[in-house]
Amino acid sequence: MKPSGFAYHRPSTVAEAVDVLAEVSPAGKVLAGGQSLVPMLNMRLAAPAHLVDVNRLTELAYVRVDDDGGRRTVVVGALARHTDVEHDAAAHAALPLLREALRTVAHPTIRNRGTTVGSIAHADPSGEMGAVLALLGGTVELRSARGTRTVAAAEFTTGPMETSAAPDELVTSVAFPVPEGRTGTAWTELARRNGDYAVCGVGVLVRLGDDHRVVAARAVYVSMGPVPTVLDLTEPVAGQDPRADDDGWAAAGRLAAWRLDPDDDIHATAGYRRQLAAVLTERALRTAARRATEVAV
Amino acid sequence: MTTSMLGEPIARREDPRLLTGQGRYLDDIGHRALAAAFVRSPHAHARIVDVDVTEALDVDGLVAIYTHDDLEGRVGEPLPLLIPHEALTHGRTPYALAKDEVNHVGEAVVMVVATDRYVAEDACERIRVRYDFLPPVVGIEAARDAALLVHDDVPGNVSAHLVQENGDARSAIDAAPNVLELDLAIERSASTPLEGRGVHARWDADDHSLRVYTSTQASTSVRAALAAKLGLPPDRVEVIAPDVGGGFGVKIMHPWPEEVLVPWAAIRLGREVKWTEDRREHFVSATHERGQLQHVRVGFDDEGRLLGLDVTVWHDNGAYTPYGIIVPIITTTQLLGPYKPGAYRAEFFSLYTNTVTVTPYRGAGRPQGCFAMERTMDAIAEHLGVDRTVVRERNFIQPDEMPFDHGLTFQDGRPLIYDSGDYPATLEKIKKLVGWDDFAAFRSEARAAGRRVGIGIGCYVEGTGVGPYEGGFVKVETDGTVVVATGLTTQGQGHQTVFAQVVAAELGVPIERVAVTTGDTRRFGYAVGTFASRAAVMSGNAIAIAARKVRDKALRVAGEALEADARDLEIVDGTVRVVGSPPGAPGTSIPLATVAVLANPLRYAFDREAERATQFGGPVDVSKPPVAEGDSPGLEETGYYSPPRSTFANGMHAAIVETDPDTAEISILRYCVVHDCGTLINPRIVEGQIHGGVAQGVGGALYERMVYDDAGQLLNASFMDFLMPYSTEVPVVETDHQQTPSPLNPLGIKGAGEAGVIPVSAVIASAVSDAEGFAVTRMPISPSDLHELRLRHSSEGGPAR
């Protein structure tokens, strides 16, 4: 479990970093927190000829809440550790889903080192933060020596461990849009052990109208397919008032289970995963709807 | 002040060192050593056609590449079969490097030595081994069907077939008013210590001696094995176990291929060589355990008393049988637990599969046996509609029936005779501790709240302290320090604490003055090893015997100096004194350190203490030789303890679990243990052993399984997918002790090392079955498994509780 040889680069600015990436492309790999990459290197599952360590790009070590005429976004730079996002008061106030989901990302020691952007760029189908980005319809900012571009989350993740980032591109930040109006969110997952990858994970968003009736319900799933799967679950719950009605949540859970197509693996059968999807979706929707009713608009 | 240190729950003396990172583990040794790495088989079953090393020869820093062709003499022969048995008619062991055939993924084929491990792995990557693929035998059913063979010359894949019988069990069952049959399964697991294996060797060409550090549970036996393999006089081989980061059985297996090859290469190259196993290697090339299918047929009367018990076990021994058939022997003998089985028949087939070799893992076959027996007890209770504890109680061996002879042969080749135990008393304690009789009320309350809960119980008897022997050495230095050595090894059990407690108590010295060395052949050459819950029983008693001999001599020498009768002397807090004399009264006491000086007449004075011990240092009787005939200089003695047979500890566990009606998650709400290991040397250490054992038991019950696919690939060879429980998955363990001293040894102690793990799968299966209303027959059980079981039972129209 020792990596193959590689050339090690440690740029100190984003400009330098993208120059190095351009120079070594396509043989470069970006190292941020290293919580997935280093084990892959050690097991020789990955053997890049060049490693570009971005840990000195302190200009990317930020979490901020942007406000563009009332449309708010939580923007996370590539060097923000999971723990920075988890504990950022402004980000939490704007988007409590971030902290709720982050608490299920591995263990604190891993969150102290691993980065949220790195996790999204790694595109593991059980990665919570990529799923949260997909649920909220967020974007990914990429930079290269050729320029800067912004990609929607849905276009960014193209498969398990696969993204549309070019070999010379550095993901510099991701932007999580803050849902507007009377909206509640929730994250819930079931893992075999505390902090493990989820057997099934669900993030949901429920939007209520001024009359407190459901106008939209959406869910995203991890470990239930090759990429985070976003489902529109509005139909079974549309028009339902969470303070009074109770029928649709279970139906929405069943709908989700029916529409998902998970695989068997060594930890669970596909059938069990579907059962979890139904149960966890129902639970998460109830929680999110209750939270939506508590939103002061 | 001196109180007896025996029975005191003192803190572990080794912890400050280990917890502050001062431990010295194998990989901390030999930074300048060359590194070894291995090319291992990627196939479960294949013939080796060709090994092409050409591309690897260019790797900068490469020192040597070895294949089986390079292994001369006995190094090239198959590794030893450590524990032969007449029933093991088809024992097979691997070569240190595979010769013509590989029989499991991970088997070592090529050894590479290089300047460091990075380079060694680079070279490994460039070595091309061509294989002729052979169809693998994976899983017990496939092995039993024997449509394919692991070893061409082993018919039916059966390495061993053994039947033990006491009475005519089959007739007794046929004649019984009630008969039940059960099919049970326990999956594969493994010891998985946090520190893997590792070995470092240094050859001294001038001294013609070999020093080997190895992360082992049996340094003296490794020495003997290496001396034999390498053709060296044992006297020229030193083997030392440094700090060892856990063993749990996997490191009692020896010599590993790497344990022979690293010293062999060190001699051949004249350089220090080291191999530190990585985690993936550990999963695919160290050993596994558990892995059995069982069929039980039981006959019983209308009260639930056993009339006959007939058990068949199909045991997966993996690719080879280097450790013999200890595990299935223990399963089929220890299965009986605290019960009188009526007539008993046990039959096992030990089967080859193209998977990692099976050798003992903490519990060593007992968890499987306990599972069979306890599932049977629950089935009888269910059949008769009787409380599960009542059925058990009706079958207990009673205290006045001790010693109880089962009429079988145990793993040590000696009769299976229980020495002592009070099972009814233990049952009373566990029922009280868990609140067995109050559970019905708790269940009703939970049910009203939509919750599903269950309670389970499991009982076991554990043969501990198997022979043949251990030894202890105790020496009082002239500064009053007491040096203690024993040959068996330490993997974190707390031997530096408990053995020091024994010496402090027996010798009357402060424990701070006692220093213990284990597992170092330079300090003590005769030993067996640390396994089978034997260290405290074996070395504890041996050290006590040695300490008593030192005490006798100290009193004799002090008596001469004080002109007192030795019978009037005692040792208190490191000072020999006349019993009943006022403290400080002149001529009534002498420090043990001074006695040590007096016990060693010197010619040369090198310090003030020594000066007093020289021939001219004081008044002497010139008519006598300085060292009397038959006496020896110094205050040191060696003692050995060799038991007539094993001593049998016992215990009972009970758990309350909750199962989620929707997600099928299984939560342990309470876990209770009552344990009887005879006299306690240190209750805190015993509890630590129990906690650790329960943690591994919970792993085996709910999380850990080795998942092989049909091609014989281990799919979860990492801690990401092999689910060792974290602290967050292990319940708080509530313990109570019962103390029934063993009549077999001077200290009255029994082993405690494995106890915690033995009944956990049985207990959790019992509790989950109770919660769900159907019998769980296969462990471990995951939420997904429980979900699928629910579907099957609801489609069969079974009751749901």
Take the residues in segment B:770-795 that are in contact (Cβ under 8 Å) with a residue 40 or more places away in the chain, part of a helix (DSSP H, G or I) and farther than 13 Å from B:Thr663 by Cα; name whichever of them is nearest to the other protein chains (Cβ to nearest Cβ). B:Glu772
Options B:Val657, B:Val707: the member that is crowded, with 24+ Cβ neighbours inside 10 Å and modelled with pLDDT of 95 or more: B:Val657
Checked segment B:141-164 for anything hydrophobic (A, V, I, L, M, F, W, C), closer than 17 Å to B:Ile325 by Cα and buried (at least 22 other Cβ atoms within 10 Å of the Cβ); matches are B:Ala143, B:Ala160
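Within segment B:714-728, can you find the residues that are assigned to a loop (DSSP other than H, G, I, E, B) and more than 7 Å from chain A (Cβ to nearest Cβ)?
Step one: list which residues in segment B:714-728 are assigned to a loop (DSSP other than H, G, I, E, B), which gives B:715-726.
If the condition is that a residue be assigned to a loop (DSSP other than H, G, I, E, B) and more than 7 Å from chain A (Cβ to nearest Cβ), then B:Ala717, B:Ser718, B:Phe719, B:Met720, B:Phe722, B:Met724 are the ones that fit.
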Any chance B:Gly363 is crowded, with 24+ Cβ neighbours inside 10 Å, under 12 Å from B:Gln294 (Cα atoms) and of a type outside the set (A, V, I, L, M, F, W, C): no
Enumerated strands (runs of 3 or more DSSP E) restricted to segment B:231-321, each holding at least 2 residues that are of a type in the set (Gly, Ala, Ser): B:289-300, B:306-318
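For every residue, the table says whether it meets (1) among the hydrophobic types (A, V, I, L, M, F, W, C); (2) exposed (fewer than 15 other Cβ atoms within 10 Å of the Cβ).
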| site | (1), (2) |
| --- | --- |
| A:Ser36 | no, no |
| A:Leu41 | yes, no |
| A:Ala90 | yes, yes |
| A:Pro96 | no, no |
| A:Thr104 | no, no |
| A:Thr116 | no, no |
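Tell me whether segment A:150-166 contains one or more residues that are among the small types (Gly, Ala, Ser), touching a strand residue (DSSP E or B) at 6+ places or on another chain (Cβ under 8 Å), in a strand (DSSP E or B) and in contact (Cβ under 8 Å) with a residue 60 or more places away in the chain.
no
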Going by the conditions given, is B:Val119 within 22 Å of B:Glu277 (Cα to Cα), in contact with an Asp or Glu (Cβ under 8 Å, 6 or more places away or on another chain) and within 12 Å of chain A (Cβ to nearest Cβ)? yes
Restricting the search to segment B:46-71, which residues are acidic (Asp, Glu) and over 26 Å from B:Asp132 (Cβ atoms)? B:Asp58, B:Asp60
Looking across segment A:48-72 at residues that are surrounded by 19 or more Cβ atoms within 10 Å (Cβ to Cβ) and out of contact with any Gly (no Cβ under 8 Å at 6 or more places or on another chain), the single one that is farthest from A:Val222 (Cα to Cα) is A:Leu57
Among B:Thr679, B:Thr659, B:Thr588, B:Thr663, which is hydroxyl-bearing (Ser, Thr, Tyr), more than 14 Å from every other protein chain (Cβ to nearest Cβ) and within 46 Å of the chain's Cα centre (by Cα)? B:Thr679
Residue satisfying condition, being surrounded by fewer than 15 Cβ atoms within 10 Å (Cβ to Cβ), at pLDDT 90 or above and out of contact with any strand residue (DSSP E or B) (no Cβ under 7 Å at 6 or more places or on another chain), within set B:Asp607, B:Asp573: B:Asp573
In this structure, does B:Ile545 turn out to be touching a residue at least 24 places away in the same chain (Cβ under 8 Å), among the β-branched types (Val, Ile, Thr) and over 20 Å from B:Gly480 (Cβ atoms)? yes
Any idea which of (1) touching a helix residue (DSSP H, G or I) at 6+ places or on another chain (Cβ under 6 Å); (2) buried (at least 19 other Cβ atoms within 10 Å of the Cβ) is the one A:Val20 doesn't satisfy? (1)
B:Ala319 - would you say it is over 26 Å from B:Pro759 (Cβ atoms), modelled with pLDDT of 95 or more, small (Gly, Ala, Ser) and in the same structural domain as B:Ala755 (by TED's automatic domain parsing)? yes
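Matching residues to (1) among the β-branched types (Val, Ile, Thr); (2) within 14 Å of chain A (Cβ to nearest Cβ); (3) within 30 Å of B:Glu181 (Cβ to Cβ):
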site	(1), (2), (3)
B:Pro234	no, no, no
B:Val239	yes, no, no
B:Glu258	no, no, no
B:Ala266	no, no, no
B:Gly270	no, no, no
B:Thr276	yes, yes, no
B:Phe283	no, yes, no
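Here is a yes/no grid of residues against (1) touching an Asp or Glu at 6+ places or on another chain (Cβ under 8 Å); (2) of a type outside the set (S, T, N, Q); (3) touching a residue at least 40 places away in the same chain (Cβ under 8 Å); (4) away from chain B (no Cβ under 12 Å):
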residue	(1), (2), (3), (4)
A:Val215	no, yes, no, yes
A:Tyr221	no, yes, yes, yes
A:Val227	no, yes, yes, yes
A:Asp232	no, yes, no, yes
A:Arg254	no, yes, no, yes
A:Thr269	yes, no, no, no
A:Arg274	no, yes, no, no
A:Ala278	no, yes, no, no
For segment A:189-207, does any single residue satisfy the condition of being within 14 Å of another protein chain (Cβ to nearest Cβ), touching a Lys or Arg at 6+ places or on another chain (Cβ under 8 Å) and aromatic (Phe, Trp, Tyr)? no
Give the residues of segment A:1-26 that are more than 14 Å from chain B (Cβ to nearest Cβ), in contact (Cβ under 8 Å) with a residue 40 or more places away in the chain and not charged (D, E, K, R), sorted by residue number. A:Ala7, A:His9, A:Pro11, A:Ser12, A:Thr13, A:Val14, A:Ala17, A:Val18, A:Leu21, A:Ala22, A:Ser25, A:Pro26
Only one of (1) under 25 Å from B:Tyr118 (Cβ atoms); (2) among the basic types (Lys, Arg); (3) in contact (Cβ under 8 Å) with a residue 40 or more places away in the chain; (4) surrounded by 17 or more Cβ atoms within 10 Å (Cβ to Cβ) fails for A:Lys29. Which number is that? (3)
Of all the strands (runs of 3 or more DSSP E) wholly in segment B:563-666, which have at least 3 residues that are of a type in the set (Ser, Thr, Tyr) and in contact (Cβ under 8 Å) with a residue 12 or more places away in the chain? B:635-641
Reported set for segment B:227-257 where residues are in contact with a Lys or Arg (Cβ under 8 Å, 6 or more places away or on another chain) and under 30 Å from B:Met724 (Cα atoms) is B:Ile240, B:Pro242, B:Asp243, B:Val244, B:Phe248, B:Gly249, B:Val250, B:Lys251, B:Pro255, B:Trp256
Residue that is farthest from B:Leu786 (Cα to Cα), among those in segment B:681-713 that are outside any helix (DSSP H, G or I) and among the polar types (S, T, N, Q): B:Asn682
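Quick grid of which residues meet (1) closer than 20 Å to A:Val75 by Cα; (2) buried (at least 24 other Cβ atoms within 10 Å of the Cβ); (3) over 13 Å from the mean Cα position of the chain (by Cα):
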{"position": "A:Val151", "(1), (2), (3)": "yes, no, yes"}
{"position": "A:Thr158", "(1), (2), (3)": "no, no, yes"}
{"position": "A:Ser173", "(1), (2), (3)": "yes, no, no"}
{"position": "A:Gly201", "(1), (2), (3)": "no, yes, no"}
{"position": "A:Arg213", "(1), (2), (3)": "no, no, yes"}
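The values are calculated or read from the model by the stated rules, or taken from the named source; none is laboratory data. What you are looking at is a predicted structure, and each value in this text was computed from that prediction instead of being measured. When we count neighbours, we look across all protein chains shown, and the Cβ atoms used for this are built from the backbone with ideal geometry, even at glycine.
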